[in-house]
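What follows is calculated from the coordinates using simple rules that are stated; it is not laboratory data. Because the structure is predicted, anything quoted here is derived from the model rather than measured. Don't worry about glycine lacking a Cβ; one is built from the backbone with ideal geometry, like all the others, and counts go over all protein chains shown.
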Amino acid sequence: MKLPEKIELAKLPTKIEKLERFTKYMDLPVELYIKRDDETGIFETGNKIRKLEYVAAYALKNGYDTLVTCGGTQSNHARTTAYVATKMGMDSYLILKGKKPQVPDGNYLLDLLFGAEIKWITQEEYNNNLKEIFTKVEEELKKKNKRPLIIPEGASYTLGMFGYIEAAGEIKSQIRSMKVNMDYIVSSVGSGGTLAGFLVGQNLYSLDTKMYGINVCDNKEFFTKKILLLIEEFRHTYPEFKDFSYITREDINIIDGYVGEGYGIPYKEEIEIIKKLARLEGIVLDPTYTGKAFYGMIEEIKKGTFGSDSKILFVHTGGIYGLFPQKEYFLGD
């Protein structure tokens, strides 16, 4: 199977570790493993770089000179896009929702260091007028003789899906070498592209496991519809990959109930599980994505969702820089 051209920026393959001390401490009736996509690189860190390797190759091949994308104040995707643009000798333009911080921190600090031009908009504008804002930014950049490439939130579109189509093949090769048959693969869902890519990759590489996503914003129905749409768009955009099995609503397993008060707002139980994993395994989750998904997975293990003696692989999609602006949640024991 020949995937599209990409630029190798991430440190791949990322390793798989067994969480023996954590599993024993929590008295979990499963074998728990973690895929370390938080180790894709220092500034590349996280899942977004896998997607952007394909986007960057497309941008260079087609003569674009500015990468334009969007996200929250502490968007991992926005930071990675700014990094990739700088690395490729391009400019970056970020549309960020929220209020401009008085003191730069975390991902936003790195956005500035990488030289990104930033436009701040409100949550309401982001929800209701993002398409129009993208169009206006694109027109303004073209008037300056720039060639901007618009990248959707999280690079969650058909081209970006190849990052986790490829990752599915990587995981299959690794677990075969480890002689471990994973019953389940679990990841956070924040924009849908990672899980969509995994589902297509699972088909294309005949990866015999069941995929689960735990949403960190919106709800199960929102992401089920979005992932179905992404997969259908992928089928039409890349007909050479049409032979993968038809993916239905029933194939998309999203566990709802762990968002808390909203996107990017941590809660006590999540913070405690982040602390436990850090102290027992030396692995740090973030409070926006992986912390909520990991906590949700542990609760579902306790409920029996995955069954006793299951082998579960949790995909750590990164987010370390988003931890620092939320440090007040980690004060005290």
Residues of segment 290-333 with backbone N under 19 Å of the label point set 7 Å from the Cα of Val103 along Cα→Cβ are 321-332
Percent antiparallel among DSSP beta bridges confined to the chain, rounded to 5, stands at 10 percent
Expected sort for Val186, Val103 with the fewest Cβ neighbours (10 Å cutoff) up front is Val103, Val186
Expressed as a whole-number percentage, the relative contact order of the chain with C-alpha contacts under 8 angstrom and at least six residues apart is 22 percent
Sorting Ala85, Leu110, Thr135 by the position of each Cα along the dipole of segment 48-155 (Lys, Arg +1; Asp, Glu -1; all at Cβ), the one nearest the positive end of that ordering is Ala85
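Could you grab the Rg to Rh ratio for segment 48-155? Cα atoms only, Kirkwood for Rh.
Details: Rg = 12.9 Å, Rh = 13.7 Å.
Answer for segment 48-155: 0.94.
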Per residue convex hull volume, Cα only, segment 3-85, in Å³ is 126 Å³
Ignoring GluC sites (Glu not before Pro) buried by more than 16 other Cβ within 10 Å or outside DSSP loops, the longest site-free run in the chain is 9-260
Expressed in angstrom and rounded, the centroid-to-centroid distance over alpha carbons for segment 173-223 and segment 268-333 is 17 Å
If Thr23, Thr237 are placed from fewest to most neighbouring beta carbons inside 10 Å, the sequence is Thr237, Thr23
Segment 179-333: spread of alpha-carbon positions along the three principal axes, whole Å, largest first, is 54, 33, 25
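If neighbour count is taken as other Cβ atoms inside 10 Å, put Lys220, Lys179, Lys142 in order from fewest to most. The partial results should precede the final answer.
On the way: Lys220 17, Lys179 6, Lys142 12.
Ascending number of Cβ neighbours within 10 Å: Lys179, Lys142, Lys220.
Given 0.36 nm per residue, what is the gain on full extension from Asp256 to Leu280 after removing their alpha carbon distance, in nm? Each step should come with its number before you reach the end.
On the way: separation 24, 0.36 × 24 = 8.64 nm, distance 2.69 nm.
Between Asp256 and Leu280, full extension yields 5.9 nm more.
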If amide H atoms are modeled at 1.01 Å from N in the peptide plane, then the residues at a separation of 5 or more from Gly72, or on another chain, having amide H under 5 Å from its own are Lys97
Here segment 213-225 yields Karplus 3J(HN,Hα) values (6.51, -1.76, 1.60; θ = phi - 60°; whole Hz; Gly and Pro given as x) of x, 10, 6, 10, 7, 6, 8, 4, 5, 4, 6, 4, 5
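Return the calculated 222 nm mean residue ellipticity for the chain, to the nearest 500 deg cm²/dmol, obtained by summing -39500 (n - 2.57) across DSSP H runs with n ≥ 4 and dividing by the residue count. Mind dumping the intermediate values first?
On the way: 10 runs with 137 residues, N = 333.
Rounded to the nearest 500, the figure is -13000 deg cm²/dmol.
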Mean projected area, convex hull of alpha-carbon positions in the chain, reported to one decimal in nm², is 16.5 nm²
With the label point 7 Å along the Cα-to-beta-carbon line of Glu124 and a cut-off under 16 Å to each amide N, the hits in segment 87-113 are 97-99
Spelling it out for Ile118: with amide H atoms placed in the peptide plane at 1.01 Å from N, the residues 5 or more places away or on another chain with amide H under 5 Å from its amide H are Leu94
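Once you charge only the Cβ atoms, +1 for Lys and Arg and -1 for Asp and Glu, what is the size of the charge dipole of the chain about its Cα centre, to the nearest 20 debye?
Values: 45 positive and 47 negative charges, 112 e Å.
Rounded to the nearest 20 debye, it is 540 debye.
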